[in-house]
Each structure stands twice: as structure tokens, then as C-alpha cells.
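Peer 1: Supplied in C-alpha cells, the structure appears directly below.
The values are calculated or read from the model by the stated rules, or taken from the named source; none is laboratory data. Small disclaimer: the values here were computed from a predicted structure and weren't measured. Heads up, the Cβs are rebuilt from the backbone with ideal geometry, glycines too, and the neighbour counts pull from every protein chain shown.
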Amino acid sequence: MSQAPENLLYTKEHEWVRMEGTTAYIGITDFAQSELGDIVFVELPDVGSSVQAGETFGTVESVKTVSDLYAPVSGKVVKINSELADTPEKVNEQPYEGGWMIAVEIESDHPEGLLSAKEYQSLIAE
Amino acid sequence: MLKRTPLYDLYAQFGAKTIDFGGWEMPVQFRGILAEHEAVRTKVGLFDVSHMGEFEVSGPHAYHFLQNIVTNDVGRLEISQALYSPMCYEDGGTVDDVLIYRLEEEKYLVVVNAGNIEKDEAWFLSHDHGAVIVNRSQETAQLALQGPNSVSVLQKLTDQPVADIPYYHSRQNVDVAGIPCLVSRTGYTGEDGFELYLDAGAAPKLFLALMAAGEQEGILACGLGARDTLRLEARLPLYGHELSPEISPLEAGLGTFVKLQKAEFYGREALLQQKEQGVTRKLVGFELKDRGIARASHEVLAAGKKVGMVTSGTMSPTLHKSIGLALVEKEYGELGSDLFIDIRGKLSEAKVVKTPFYKRAK
């Protein structure tokens, strides 16, 4: 059973969002990393670039496949997890902590159109 | 409905994720591709390859049939020996690549790729030269035990010595865990190991016995994902990628297995012509300098134009490099040449390197 912490928000495309004030930390879920298998590359946008909710902001590549990353929110990228360049396996090992990908500054501290942990759990249970 | 091997019911207990592989519901991984890959390179791994097809070829015309249908020389095959060979159409394109075992004076076993079983059967039967050809794929299971600890694991389950079976030789009716097996010193990983052929009904018992026997040696159940990274590092061709109806064995760099001095075989004229005139395309190994993975069917560019395509690519777990094979116009395939690979619209720099990417220390 894949984990989906209560305090996070989720997308149907298996990204998670953790809000710290108006900064949204973004990564992929435990379910997503497990489906992808061993991750070998993570391609992230540059700090300062803009991402648009629902559009791709990067790619994650495992031994077996490559998958687009979809932004859960719109805003400006203020931080990226540069450690993933050398240790992409962190996404497998700690999808909700050390495997975070980007931080985006957004207009509100309450992004809309995202799923709760419970809603996401029922989605992946299907 | 996807086809399943006799081992399907065991997958879940070893944590398998399954995929559709040419119409078969097969495990792509158990523990994880990287862990499984490393187990085979340093310890031992066990693969279910029961999806592969097996044909029994016998009778006074068996030899003549095989000599005509494959490009390698079956005449050199002694009883218990195995032979790898491409099998070609008249135009030199590849029908399949197969393994042939000589079991008796006039009896052979031909092992074919899972996705080609029906196609090969039709090809065999329409070119049978009077040989008796029986499809044994359904009732035959195949397990591959691969890695440096393969000998010690297998030896625990049989009284017959297995260490002295030479490479590309086999022993018939070897009692392994009480199950009669054809034990072959072959594999598709670039490591030492065995392929075991047995009655489908006994396969779950043998799989469990091998997993238990190999526990101390660090055995892992392995899926098709690791099988692919292992074979690619060893530059072993995969049908549908490095070989196809559009790719001849000479283009794929398999000239050693094409014996043009044989009087007659399907594809001989076309292959002879390719050999004499020189092939226009060749299969080369490359390393990607940029990040990312070049995958099958990505375009290869050089001098500003398309010069070929990637046939296979992966992140090499052993070398920690992004590697691949590409079929390119010959003049762009020299060692050290720079190539560009179109990875989803982005040109990534690659360099032609020597293959195999990985060779085990003897």
C-alpha cells in the first residue's frame, strides 16, 4: 500500500504539494515512484522560470520509462532540489522528503483544484 | 487476454510488477531493476523465461531443414551442444534469432523468441524439407539462473556435476530438485549461468527450490527489466530492436553467425551480396555525453541530417553511464565519431564507443 501523508495535497498525475506559507513544495508520490521503478534522472526547470498548473515542468526518467512532471500550481520557481542531479534515487527512497523537486511561489496559500490525501488514496486504489 | 507462464501465480509473493510483453503478462521487475541487475553481475538471479518458444525438430530430414533455415552452420553441432543463429528471409531480413540444441543424432530443440512463436511455426512448416516439427512451447517451461554464484546454487539441487558443463553445451535429464531438466550453460546476461528447460507443470516447484537454495548466495528473482539492461551491456541483440525483417544479421554485426560458405540457406544470396558490396548501415554502441536516456526509435543525427535510429538504450547500472545501440549509416559509425540523438525534441550529444559495454572477467 502506497503512502500519502494527510498534510499534503495531490494531483491526479501523482504529484504532491506541501504548502509553507505561499511557497508550494512539489514532488511525486510514493505510488508514482513505485510505478516508475528505479529513477536515474530528474530534469527540473531553472530557478526563476515560471510554471503553469497542468503543464509539464520537467521529466523523471527511470530505467524502464520516462514520464512528464505536471505542475500542480502556477507560479515562479524559487528553489529546486539540486541534490537530485547526483542522487535521483532519493525520489524512490524518500518521495515526500529528500525527494522533493521544486518550490514554487504562488499567489495564495490555499491552491485550488487539488486532491486531499483521502481523495488521492481512493484514486490510486481504483 | 494476455498469456501467462506456468509461474504466473508465484510472481506476487516475490513482489512482481507485470507488464504486457508481446502478448505475455510478464514480470518487469521484482525488487527493482537496479538491485536485480547487480545481483546477476555480482551474485545470482533467477528469471522466468517460460514465454520463450520451443520446437522439437526430428527425423532423417531434421539436419537438412535446419541447415537451410538458419544462417549458422548446424553441421558443426555435436550431440548436447548448443548453437546460436539468426534465421533469415530470402531478402536477408531477419525472421528471428534462435538457439539450437542437438539432443540426439536426428533430434534437435529450437528455442525461439516469445513474440515470434506463431510466425516461426508458420515459417518452419512452409519450409520443412520433410522434417518432423512439433511445437512444444505450451508444455515447456524455461528458467534462467544467471550470475557468478549460479554453479554453487544449482549444484545444491543435483547430484550430477554441473560446473564441468562447457559453455554452450547441455546435459539432458539432469535431476534438479527431483525434476528432470535439460541443463544448458547458456544465458542472455553476459554472466556465467544456466538455462533450464523442463515440464511446465513442475516449473513452480523448481522456481521455489532454486530461490530457497540460493538464499545464502544472495539470489533475487529477476524480471525482464534487468534482463534487458544486462543483455544490452553485453551487447546481445534483442529481436524487434537490433534484428527485424528490415535488419539483416550482417547489419547487426552478427557476421560470425552467418556462414556464407554453406551451400544453401534462406537469405544466402542477399547476404552474400551485402557482404561483397559492403553493408550500408551498421549497428554501433554509443555513450550519451548529456543527461538523459536515448531510447528505441529515437533518431540519430550527424552532419545536420538523419543518419540512423536508436535500437536500444538504457542507463547502464554497471557503468553508471547512459548507453545504447544505434543502426546508423556506415560512414558515421566509426569509433569515436560524434552523433546527436533526438530525445523528445532535444538534441543530445553521443559518442560511438567500443562494444560490448561490459565484459565479465574470466
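Peer 1: Among residues belonging to segment B:226-251 that are touching a Pro at 6+ places or on another chain (Cβ under 6 Å) and on the phi < 0 side of the Ramachandran plot, point out the one that is surrounded by the fewest Cβ atoms within 10 Å (Cβ to Cβ).
Peer 2: Checking each candidate, the answer is B:Ala234.
Peer 1: Still on this structure, please answer the following. Which pairs do you get when a residue that is closer than 13 Å to B:Ile323 by Cβ, found in segment B:274-292, comes within reach of a residue that is assigned to a helix (DSSP H, G or I) and not β-branched (Val, Ile, Thr), reach meaning Cβ atoms under 9 angstrom, with the pair 6+ apart or on two chains?
Peer 2: Filtered contacts from segment B:274-292: B:Val284/B:Tyr332.
Peer 1: Take the residues of segment B:11-31 that are within 14 Å of chain A (Cβ to nearest Cβ) and among the polar types (S, T, N, Q): which is farthest from B:Thr186 (Cα to Cα)?
Peer 2: B:Thr18
Peer 1: Next question. If you scan segment A:40-81, which residues turn out to be assigned to a strand (DSSP E or B), more than 10 Å from chain B (Cβ to nearest Cβ) and among the hydrophobic types (A, V, I, L, M, F, W, C)?
Peer 2: The answer is A:Val51, A:Phe57, A:Val60, A:Leu69, A:Val77, A:Val78, A:Ile80.
Peer 1: Of these, A:Glu107, A:Glu112, which one is closer than 20 Å to A:Gly54 by Cα, part of a loop (DSSP other than H, G, I, E, B) and free of Cβ contacts under 8 Å to residues at least 24 places away in the same chain?
Peer 2: Numbers: A:Glu107 fails: free of Cβ contacts under 8 Å to residues at least 24 places away in the same chain.
When all the criteria are applied, what remains is A:Glu112.
Peer 1: Enumerate the pairs (first residue in segment B:245-266 and of a type in the set (Val, Ile, Thr); second residue anywhere and in a loop (DSSP other than H, G, I, E, B) and crowded, with 19+ Cβ neighbours inside 10 Å) with beta-carbon separation below 7 Å, excluding pairs fewer than 6 apart on the same chain, so at least 6 apart or on different chains.
Peer 2: What qualifies is B:Val258/B:Thr71; B:Val258/B:Pro249; B:Val258/B:Leu250.
Peer 1: Say we look at segment B:296-315 and pick out the residues that are hydrophobic (A, V, I, L, M, F, W, C) and either within 27 Å of the chain's Cα centre (by Cα) or surrounded by fewer than 19 Cβ atoms within 10 Å (Cβ to Cβ) (or both); which of these is farthest from the other protein chains (Cβ to nearest Cβ)? Step through it out loud before you land on a result.
Peer 2: We begin by selecting, within segment B:296-315, every residue hydrophobic (A, V, I, L, M, F, W, C); these are B:296, B:300-303, B:307, B:309-310, B:315.
In the following step, the residues that additionally are either within 27 Å of the chain's Cα centre (by Cα) or surrounded by fewer than 19 Cβ atoms within 10 Å (Cβ to Cβ) (or both) were identified as B:296, B:300-301, B:303, B:307, B:309-310, B:315.
Details: B:Ala296: 12, B:Val300: 18, B:Leu301: 20, B:Ala303: 27, B:Val307: 23, B:Met309: 17, B:Val310: 13, B:Met315: 4 Å.
The extreme case among them is B:Ala303.
Peer 1: Now for a different question. Whether any residue in segment B:18-36 is closer than 23 Å to B:Gln138 by Cα and assigned to a loop (DSSP other than H, G, I, E, B) is what I want to check.
Peer 2: yes
Peer 1: Can you tell me which residue among B:Gly45, B:Gly53 is away from every other protein chain (no Cβ under 14 Å), among the small types (Gly, Ala, Ser) and closer than 20 Å to B:Ala213 by Cβ?
Peer 2: Values: B:Gly53 fails: closer than 20 Å to B:Ala213 by Cβ.
After applying the criteria, what remains is B:Gly45.
Peer 1: Could you please tell me which pairs satisfy a Cβ distance under 8 Å, a separation of 6+ or placement on different chains, a first residue in segment B:155-166 that is loosely packed, with under 11 Cβ neighbours inside 10 Å, and a second residue that is in a loop (DSSP other than H, G, I, E, B)?
Peer 2: B:Pro166/B:Arg185
Peer 1: Within segment B:32-40, identify whether any single residue is within 12 Å of chain A (Cβ to nearest Cβ), within 23 Å of B:Gly190 (Cβ to Cβ) and in contact with a strand residue (DSSP E or B) (Cβ under 7 Å, 6 or more places away or on another chain), and answer yes or no.
Peer 2: yes
Peer 1: Still on this structure, please answer the following. Just for segment A:20-39: of the residues that are part of a loop (DSSP other than H, G, I, E, B) and within 14 Å of chain B (Cβ to nearest Cβ), which one is farthest from A:Gly113 (Cα to Cα)?
Peer 2: Top of the filtered list is A:Asp38.
Peer 1: Please name all residue pairs, on different chains or six or more residues apart, with Cβ atoms under 6 Å, provided the first residue is in segment B:317-343 and is within 14 Å of another protein chain (Cβ to nearest Cβ) and the second residue is part of a helix (DSSP H, G or I) and at pLDDT 95 or above.
Peer 2: So the pair list comes out as B:Pro317/B:Leu34; B:Pro317/B:His37; B:Pro317/B:Thr229; B:Thr318/B:Arg41; B:Thr318/B:Glu233.
Peer 1: Another one. In segment B:337-362, what count of residues is obtained for those that are more than 9 Å from B:Phe286 (Cα to Cα), among the small types (Gly, Ala, Ser) and either loosely packed, with under 13 Cβ neighbours inside 10 Å or in contact with a Phe, Trp or Tyr (Cβ under 6 Å, 6 or more places away or on another chain) (or both)?
Peer 2: Summing the residues that are more than 9 Å from B:Phe286 (Cα to Cα), among the small types (Gly, Ala, Ser) and either loosely packed, with under 13 Cβ neighbours inside 10 Å or in contact with a Phe, Trp or Tyr (Cβ under 6 Å, 6 or more places away or on another chain) (or both) in segment B:337-362 gives 2.
Peer 1: For segment B:275-295, which residues satisfy the criterion of being within 30 Å of B:Leu260 (Cα to Cα) and either in a loop (DSSP other than H, G, I, E, B) or within 14 Å of chain A (Cβ to nearest Cβ) (or both)?
Peer 2: B:Gly278, B:Val279, B:Thr280 - these are the residues of segment B:275-295 that are within 30 Å of B:Leu260 (Cα to Cα) and either in a loop (DSSP other than H, G, I, E, B) or within 14 Å of chain A (Cβ to nearest Cβ) (or both).
Peer 1: Considering only residues that are over 29 Å from B:Gly313 (Cβ atoms) and of a type in the set (Asp, Glu), look in segment B:247-286 and name the one that is modelled with the lowest pLDDT. Walk me through it before giving the result.
Peer 2: We begin by selecting, within segment B:247-286, every residue over 29 Å from B:Gly313 (Cβ atoms); these are B:259-266, B:268-269, B:272-273, B:276-277.
With of a type in the set (Asp, Glu) added as a condition, the list becomes B:264, B:269, B:276.
Working: B:Glu264: 93, B:Glu269: 98, B:Glu276: 97.
Out of the qualifying residues, it is B:Glu264.
Peer 1: A further question follows. For the structure I just gave you, tell me whether B:Thr256 is surrounded by fewer than 16 Cβ atoms within 10 Å (Cβ to Cβ), of a type in the set (Val, Ile, Thr) and in contact with a helix residue (DSSP H, G or I) (Cβ under 7 Å, 6 or more places away or on another chain).
Peer 2: Working: surrounded by fewer than 16 Cβ atoms within 10 Å (Cβ to Cβ): yes; of a type in the set (Val, Ile, Thr): yes; in contact with a helix residue (DSSP H, G or I) (Cβ under 7 Å, 6 or more places away or on another chain): no.
Spelling it out, it is not the case that B:Thr256 is surrounded by fewer than 16 Cβ atoms within 10 Å (Cβ to Cβ), of a type in the set (Val, Ile, Thr) and in contact with a helix residue (DSSP H, G or I) (Cβ under 7 Å, 6 or more places away or on another chain).
Peer 1: Would you say A:Ser62 is touching a Leu at 6+ places or on another chain (Cβ under 6 Å), of a type in the set (Ser, Thr, Tyr) and closer than 23 Å to B:Lys346 by Cα?
Peer 2: yes
Peer 1: Restricting attention to segment B:98-145, report how many residues are among the polar types (S, T, N, Q) and farther than 22 Å from B:Arg4 by Cα. First the steps, then the outcome.
Peer 2: Keep residues of segment B:98-145 that are among the polar types (S, T, N, Q), which gives B:113, B:116, B:126, B:135, B:137-138, B:140, B:142.
Subsequent filtering for residues that are farther than 22 Å from B:Arg4 by Cα retains B:126.
Selection size over segment B:98-145: 1.
Peer 1: Name every residue in segment B:344-358 that is modelled with pLDDT under 95 and either within 16 Å of B:Ala296 (Cβ to Cβ) or within 27 Å of the chain's Cα centre (by Cα) (or both), in order of residue number.
Peer 2: Answer for segment B:344-358, where residues must be modelled with pLDDT under 95 and either within 16 Å of B:Ala296 (Cβ to Cβ) or within 27 Å of the chain's Cα centre (by Cα) (or both): just B:Arg344.
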